[in-house]
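One structure below.
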Amino acid sequence: MTRHPSAEHLAEFVEGVLSRRWTAKVSSHLDTGCIRCHGQVVQLKQVTSVLTSASLKFGPMPDQFSARIEMAIASESSARVTSAQASARPAAGTSLRVVSSAASTSGGEAGASPSSPPRWRARSRP
């Protein structure tokens, strides 16, 4: 595995519900001595421990509360996906063009300034 496993894969690894294939990949990655991922695994194990001890002390979470949490998470997840999709592509009928940061206020475009990166602006297609 050349990249770090996702937080979801690490959480599933800690809980023991990750597929065999991914378990092998995550184990192999952790065996390389990746401090970042090992630290996340330690933190995830601590969260599991705290939640387990809390449920033993206070009993199970009421169904209504659990349903509200699940609904809030689903709503937030949906909003993030929608937001990410909207920002990933320009609106219909638009294209992107480079606009120099040294452009004049009359709308003309001067040559690009070497000290500032180009900006992108959406414009309608003809």
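Derivation of every value follows stated rules applied to the coordinates shown; laboratory data play no part. Quick caveat, the model's predicted, so the values are computed rather than measured. Methodologically, a virtual Cβ is constructed for each residue, glycine included, from the backbone with ideal geometry; neighbour enumeration extends over all protein chains shown.
Please report M61, M71 as a ranked list, fewest other C-beta atoms within 10 angstrom at the top and most at the bottom.
Details: M61 13, M71 10.
Sorted ascending by nearby Cβ count, the order is M71, M61.
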Handout entry: Phi to ³J(HN,Hα) by Karplus 6.51 cos²θ - 1.76 cosθ + 1.60 over the stretch 6-22, Hz, x for Gly, Pro
Key = 5, 4, 5, 5, 5, 5, 5, 4, 4, 7, x, 10, 7, 4, 4, 4, 6
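So, counting K/R as plus one and D/E as minus one, what does the shell of residues with Cβ under 13 Å around E76 add up to?
Working: positive: R68, R80; negative: E70.
Counting the neighbours of E76, the net charge comes to +1.
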